[in-house]
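Peer 1: Sharing a structure here in structure tokens format.
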Amino acid sequence: MPQIIPIKELKNTSEISELCRKSREPIYVTKNGYGDMVIMSMEIYESTMRQINMYREIEISEKQIIIGQTKDARSSLTKMRDKYGL
């Protein structure tokens with residue numbers, strides 16, 4: 001269940017920090033009853049960014065497959081082995 005807090009509670013920074021680490025998910029901050037911000041721990045932020053980057057790379061790869069920008073895996077590995085002496 002997502003945590004939702006009013007913006008006035010941001011004064012309690014150490015409590016909010018602890019809440020971010022314990023909840024292991026984003027905390028939604030409201031202002032005048034409406035969504036205003038999202039805060040999260042660095043660990044969750046970095047994990048989320050890694051996932052986004054992975055999905056972005058997959059999307060690029062899928063587009064390359066569609067337009068035919070692919071290479072044969074066996075020949076690519078052979079070239080790498082020859083080049084790097086593997």
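The numbers here are math on the coordinates, done by the rules we state, and not lab data. Computed from a predicted model, the values in this text were never measured in an experiment. Glycine gets a Cβ as well: all are built from the backbone with ideal geometry, and neighbour counts include every protein chain shown.
Peer 1: With N set to the residue count of segment 1-40, report its C-alpha Rg divided by 2.2 N^0.38 Å to two decimal places.
Peer 2: 1.05
Peer 1: Also, I was wondering about something else. Determine, from the Cβ-Cβ distance of E18 and M54 and an R0 of 25 Å, the FRET efficiency 1/(1 + (r/R0)^6), rounded to the nearest 0.05.
Peer 2: Working from the Cβ atoms, E equals 0.30.
Peer 1: Quick one: net charge of R56's neighbours, Cβ under 14 Å, K/R +1, D/E -1?
Peer 2: Residues near R56 contribute -1 overall.
Peer 1: I need the per residue convex hull volume for the chain, using only the alpha carbons, in cubic angstrom as a whole number.
Peer 2: Looking at the chain, the number lands at 173 Å³ per residue.
Peer 1: What residues qualify as long-range amide H neighbours of Q3, i.e. H under 5 Å apart, gap of 5 or more or another chain, H built at 1.01 Å from N?
Peer 2: Here Y28 satisfy the definition.
Peer 1: Helix by helix, which DSSP H runs in the chain go 30 Å or more along their axis at the Cα atoms and have an average Kyte-Doolittle hydropathy of -1.0 or more?
Peer 2: Result, helices passing both filters: 42-66.
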